[in-house]
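The values are calculated or read from the model by the stated rules, or taken from the named source; none is laboratory data. Nothing here was measured: the structure is a model prediction, and the numbers come from that model. We place every Cβ from the backbone using ideal geometry, glycine too, and count neighbours over all the protein chains shown.
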Amino acid sequence: MTPEEHVERVRTICSLEQRFFLLTGFLVEWLRLHFSAPGSAEHDSLRGRFWKTVNPDIYINWALAWKPETTEKRPGLLVHRGDYTYSRLSIGDRVHGNPDLTGNQHYTILVRGSHTVFCVSSLPQEAEILGAEVARELGQFGPAIREELSLHRFTVAGVGKAAQLEEAHQNYGVPVTVGIAYEENWEIIPHAPVLKRIALSMFLPDGEALEWR
């Protein structure tokens, strides 16, 4: 599947711009598409693993929806959102430059964080193979995702070693971490001075009036 076909089928998930919780759904859907298309998997041992809505050969979902029994007899990909931080790009978060003739005030802030895909299997070797498959898939399509979603960064930051899961000791997991950064932009449209909408007369002595200048 081409980058354009991949992105087209998951574009509507992020129609509200780059909300980090929507990026979780984006990654889940992207990986489901990868494992639902025959021949998409690079490794031979994974080409018989298909995601389907009913009785899938591979479980792909948000990490919080996962239950240990779902991956007892099949591998799984669990997408987990990490911490995201907000960083200031300018004084007061204001967009400086040419003034808006309408009087609207424009703002921007940088959002940075990560998502992790846990590649889970009862076989440590299969978990390692899944980790490599996911890392290559997201790494190779990273530029297309970054451009289409207007991200500053979408990069595979690292692949961890296989380890037994605390929640299910019969399963092994390999974490694939993706670093993500994007700008969040908004504008304030002033209809009237904020203070004019606040009635302060109740706080004044009788007979006095307050006038804003």
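Observations on the structure shown:
- Here residue 120 passes the criteria (1) outside any strand (DSSP E or B); (2) under 23 Å from the mean Cα position of the chain (by Cα) except the one numbered (1).
- Test: residue 140 is free of Cβ contacts under 8 Å to residues at least 24 places away in the same chain and within 15 Å of residue 174 (Cα to Cα): no
- Residue 125, sole failed condition from (1) at pLDDT below 90; (2) of a type in the set (S, T, N, Q); (3) surrounded by fewer than 16 Cβ atoms within 10 Å (Cβ to Cβ); (4) closer than 20 Å to residue 162 by Cβ: (1)
- Restricting the range 176-213 to residues that are under 38 Å from the mean Cα position of the chain (by Cα) and in a loop (DSSP other than H, G, I, E, B), the residue that is modelled with the lowest pLDDT: 193
- The residue pairs whose first member lies in the range 154-172 and is under 25 Å from residue 84 (Cβ atoms), whose second member is in a loop (DSSP other than H, G, I, E, B), and whose beta carbons are closer than 7 Å, counting only pairs six or more residues apart or on different chains, are 165/171.
- A count restricted to the range 83-112 and to residues that are touching a helix residue (DSSP H, G or I) at 6+ places or on another chain (Cβ under 6 Å) and modelled with pLDDT of 90 or more stands at 1.
- Residue in the range 125-134 that is over 15 Å from residue 43 (Cβ atoms) and free of Cβ contacts under 8 Å to residues at least 24 places away in the same chain present: no
Table: residues versus (1) under 15 Å from the mean Cα position of the chain (by Cα); (2) part of a helix (DSSP H, G or I); (3) within 18 Å of residue 34 (Cα to Cα); (4) not aromatic (Phe, Trp, Tyr).
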| position | (1), (2), (3), (4) |
| --- | --- |
| 135 | no, yes, yes, yes |
| 146 | yes, yes, yes, yes |
| 150 | yes, no, no, yes |
| 154 | yes, no, yes, no |
| 158 | no, no, no, yes |
| 161 | no, no, no, yes |
| 168 | no, no, no, yes |
| 174 | no, no, no, yes |
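- Filtered residue count, the range 77-88, keeping only those that are out of contact with any His (no Cβ under 8 Å at 6 or more places or on another chain), surrounded by 13 or more Cβ atoms within 10 Å (Cβ to Cβ) and either more than 16 Å from residue 115 (Cα to Cα) or aliphatic (A, V, I, L, M) (or both): 2
- Filtered residue count, the range 14-59, keeping only those that are surrounded by fewer than 18 Cβ atoms within 10 Å (Cβ to Cβ), at pLDDT below 85 and part of a helix (DSSP H, G or I): 3
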